[in-house]
Amino acid sequence: MAVTYRRIYGAPGPDEGVRVLVDRLWPRGLAKEKAGLDEWLRAVAPSTELRRWYGHDPDRWAEFRSRYLAELEEPEQAEALAHLRDLAARGPLTLLTATREADLSHAAALAELLSGEA
């Protein structure tokens, strides 16, 4: 499965396949018409409580990742994750996030999980 992740603010690339926004909140300053996405899947985003606790502190990454993967086992999140797996099985999938540090984001953890690396 070809699953990648990136920030949503750049122009779509030719080989990105299906583009899915995986944030709970809409990215600031981005018009929906310019987003170039196929889907917005809020249910797969980390809970507000977890996101606020993490605060994108690199020292909390490992714990955040662990807690986030546990959240993905809840019924609504698990259903959203299964949907992403279906999309990834059909072709390239790009997970989009507004996070500045995409490598330390839930999108990175999701891409690892969907690629079988988690």
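No value in this document is a laboratory result; all are computed from the given coordinates. Since this is a predicted model, take the numbers as computed values, not measurements. Here the Cβ positions follow ideal geometry from the backbone for every residue, glycine too, while neighbour counts run over all protein chains shown.
In table form, for the structure just shown:
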read-out	value
Hits in region 67-118 - residues which are small (Gly, Ala, Ser) and out of contact with any helix residue (DSSP H, G or I) (no Cβ under 7 Å at 6 or more places or on another chain)	Ala70, Ala78, Ala82, Ala89, Gly91, Ala98, Ser105, Ala107, Ala111, Ser115, Gly116
Every residue from region 22-48 that is assigned to a helix (DSSP H, G or I) and not aliphatic (A, V, I, L, M)	Lys32, Glu33, Lys34, Arg42, Thr48
Set Tyr5, Tyr9: member being part of a loop (DSSP other than H, G, I, E, B), under 20 Å from Glu101 (Cα atoms) and not small (Gly, Ala, Ser)	Tyr9
Top-ranked residue in region 12-30 [being touching a residue at least 40 places away in the same chain (Cβ under 8 Å) and touching a Pro at 6+ places or on another chain (Cβ under 8 Å); ranked as nearest to Leu50 (Cα to Cα)]	Leu21
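Results for (1) within 13 Å of the chain's Cα centre (by Cα); (2) among the aliphatic types (A, V, I, L, M), shown as yes or no for each residue.
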site	(1), (2)
Gly29	no, no
Glu39	yes, no
Arg42	yes, no
Ala45	yes, yes
Tyr54	no, no
Arg60	no, no
Phe64	no, no
